[in-house]
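Below is one structure, written out as structure tokens, with a few remarks after it.
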Amino acid sequence: RRCVQETGYQRRVHGEREGFIIEALEDIERGEPVYDSYGKKCNSRFFLNYGFIVLNNDGNEVALKVSFDKSDPLLQRKEQMMQESPKDKIFRVMSSVEENNVLEFFAYLRFVELRDQNKLVYLYGVYEANTNSEEREGYKPQKTPPVSIENETDMLKKVKQLCTEQIDRYQTTLEEDIELLKKPDLTENQRNCVLLRQGEKEILHFFVQMVDLVLPLLSQPLKVVRKQIIQPKYQQYTEYINLSLIHI
């Protein structure tokens, strides 16, 4: 049994049929099973589009909204940098600090939470130095690197706040959902709905745990941090620690 990735294939859109066609790039024997992949998707998409849920799905996402603080004294300056009015932005994050959407979520929050005017001027100076004047379309907050211990602390606290607020919106806890799934009389749709929100909650708890573990490191000397992060409990967050905390 081979999947289409092993045989080699290509997809192309077919306008008249209002769909797409998969074409094999090598001969396949008559009657030989051929499999395609749904790809890496969140359970919300699987459930909505296909009617099923994938257990232990590492493609799960949860939506978090980031808003600018209207009382921010640097808001006008940030607006000038972006060349547009600050708007709410939705990030669909996954339980991995290596995913690009998570990295952009952190970066955007750094910019939103930044209250140091000198650091703001520094960021725009770096942006100008790396962009031709003809190509400048405004500073991109989702590209903001770590700039200071204070800002990284504020960013992480905001991550926890957003996740905690989202957790509190659910009518059940993660522990209650786990117990609920043990019931044998749930319908398939009921079970899928519980699994769907369970996956979202697991992501939110992932980030709450991350902040609780990582935040204390910000007040530690670098030598101490390097020794601590070899512990297993930091393994899921090592990439963030190495790329962010170590280089501030």
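The values are calculated or read from the model by the stated rules, or taken from the named source; none is laboratory data. Remember, it's a predicted structure, so these values are computed and weren't measured experimentally. A quick note on method: Cβ atoms are made from the backbone with ideal geometry, for glycine too, and the neighbour counts reach across all protein chains shown. The area values use the complete protein model at the heavy-atom level, side chains included, leaving out ligands, DNA and RNA. Shrake-Rupley method; radii C 1.70, N 1.55, O 1.52, S 1.80 Å.
Of the residues Q166, I53, A24, the one whose Cα sits farthest toward the positive end of the charge dipole of the chain, with +1 on the Cβ of Lys and Arg and -1 on the Cβ of Asp and Glu, is Q166. Extension gain, S96 to D69: 0.36 nm times the residue separation minus the Cα-Cα distance gives 7.0 nm. Charge dipole of the chain (Cα centre as origin; +1 on each Lys and Arg Cβ, -1 on each Asp and Glu Cβ, all else neutral): 580 debye, rounded to the nearest 20. For region 91-248, carbon and sulfur atoms together expose 48% of the accessible surface, with a 1.4 angstrom probe and every protein chain in place. The aspartates and glutamates whose alpha-carbon is closer than 14 Å to the alpha-carbon of K40, local same-chain residues fewer than 8 away aside, are D58, E61, E99.
GNM on the chain, alpha-carbon springs under 10 angstrom: the most fluctuating residue among C193, C42, C163 is C193.
Holding the Cα-Cα limit at 18 Å, pick out from K87/K157; K87/K143; K41/K87; K65/K160; K201/K233 the pairs that are longer than that.
K87/K157; K41/K87; K201/K233, as the Cα separations exceed 18 Å there.
Remark on N60: its backbone amide H falls under 5 Å from those of N43, a criterion applied only to residues 5 or more positions apart or on other chains, H modelled at 1.01 Å from N. Enumerate the whole-percent occupancy of each 10 Å bin, from 0 to the last occupied one, for all C-alpha pair distances of region 160-204. For region 160-204, the pair-distance distribution reads 27, 53, 17, 3. Label-to-label distance, K41 versus D212, with points set 7 angstrom from Cα along the beta-carbon direction: 3.4 nm. Could you give the angle, 0 to 90 degrees to the nearest 10, between helix 188-214's Cα long axis and the longest principal axis of the Cα atoms of the chain? Orientation of helix 188-214: about 30 degrees from the principal axis. Between the listed residues L215, T131, L195, the Cα displaced farthest toward the positive end of the dipole of the chain, a dipole computed from Cβ unit charges relative to the Cα centre, is found at L215. Mean-square fluctuations from a GNM of the chain, with a 10 angstrom spring cutoff on Cα atoms, peak among L109, L186, L174 at L186. Dipole orientation for region 35-187: of the candidates Q76, V62, P146, Q76 has the Cα lying most toward the positive pole (charges on Cβ; Lys, Arg +1; Asp, Glu -1). Where (i) 227; (ii) 247; (iii) 235 are the candidate values, the label of the one calculated here for volume of the Cα convex hull per residue in Å³ is (i). Looking at region 93-198, the GluC sites (Glu not before Pro) that sit in a DSSP loop and have at most 13 other Cβ atoms within 10 Å of their own Cβ are E98, E137.
A simple spin-label model places the labels of Y127 and K183 5.1 nm from each other, with each point 7 Å out along Cα-to-Cβ.
Region 192-241 to region 30-89: how many Å between their Cα centroids? Between the Cα centre of region 192-241 and that of region 30-89, the gap is 20 Å.
R0 = 45 Å: FRET efficiency of F52 with I246, Cβ-based, nearest 0.05?
On the way: r = 42 Å, r/R0 = 0.93.
Using R0 = 45 Å, I get an efficiency of 0.60.
Straight Cα distances below 16 angstrom link K158 to the aspartates and glutamates D69, D72, D88, E104, E113, E150, D168, D212, with same-chain residues fewer than 8 positions distant left out. Loop-located trypsin sites (Lys or Arg not before Pro) in region 137-233 (DSSP state other than H, G, I, E, B) with a sparse environment of at most 13 neighbouring Cβ atoms within 10 Å: K182.
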